[in-house]
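Here is the structure we will look at.
The values are calculated or read from the model by the stated rules, or taken from the named source; none is laboratory data. Predicted, not measured: the structure shown is a model, and the values here were computed from it. Glycine gets a Cβ as well: all are built from the backbone with ideal geometry, and neighbour counts include every protein chain shown. Just the protein is used for accessible areas: all its heavy atoms, side chains included, with ligands, DNA and RNA removed. Shrake-Rupley method; radii C 1.70, N 1.55, O 1.52, S 1.80 Å.
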Amino acid sequence: MFTYRRATTDDIELIRSIAKVAFPATYSTIITAEQIDYMMEWMYSAEKLQQEISGNITYLLAEVDGRTVGYLSFGPDEGAADCAAAALSAAAPGQGRLFHLHKIYLLPEAQGGGNGKRLFMAGEREMRLAGATAFELNVNRGNPALGFYRHLGMQLSRSGDFDIGGGFFMNDHIMRKELF
């Protein structure tokens, strides 16, 4: 049975342990091992997760039959790229805002049985409850998950190459979904 719960700072090591398996499994054929190592430290250091969870980023933990098998994170989009998105992001709570789905990962053995869709839908529901009227997601242009996101109603908004430091770039499509 699939359930989810909000993560707390007590779950940081659990998130890190899942990320150590799920993130490299997702990207090993898309980006270099050096970039995977860089991004793991950049996104999943205990300090970074502490800062996010204690701040305005919500993490949801996916559980199947009582075992944690994945996570999703989201928060208000603080770096909106255009004026309309910036206006949405700045709207008062309850008036609708643009959110960003930062991460959604499942352990490889938990994929393919509908758990990803369930976790995505839980994230969408929680973003709506937090006042989102739309959300965006960066997806590597070589990631086969593009079809998964399209199937769940996301549409290609734009593309870009984003400098993340260390000489590395994220070569992404930005997908968007309106929440009505």
Tell me, what is the per residue accessible area of the chain in Å², probe radius 1.4 Å? 49 Å²
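Share of the chain's accessible area from carbon and sulfur, percent, 1.4 Å? Before the final figure, lay out the partial values.
Working: 4750 of 8910 Å².
Carbon and sulfur: 53 percent of the exposed surface of the chain.
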Under 10 Å, Cα contacts only: if you run a Gaussian network model on the chain, which one of 134, 33, 110 comes out with the highest mean-square fluctuation? 33
Correct choice for Rg/Rh (Cα atoms, Kirkwood Rh) that was computed from the model, options (1) 1.06; (2) 0.93; (3) 1.00: (2)
If you stretched the chain out fully between residue 21 and residue 46, how much longer would it get, using 0.36 nm times the residue separation minus the C-alpha to C-alpha distance? 7.4 nm
Across the chain, how many lysine pairs separated by 8 or more positions, or lying on different chains, have Cα atoms within less than 16 Å? 6
At 7 Å along Cα-to-Cβ for each site, give me the label-to-label distance between residue 171 and residue 140 in nm. 1.1 nm
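Would you mind calculating the gained length between residue 130 and residue 2 on full extension (0.36 nm times residue separation, minus the Cα-Cα distance), in nm to one decimal?
43.9 nm
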So for each of 43-52, 158-167, 99-108, 121-130 I average, over its residues, the number of other beta carbons within 10 Å; can you give me the resulting order with the highest mean first? 99-108, 121-130, 43-52, 158-167
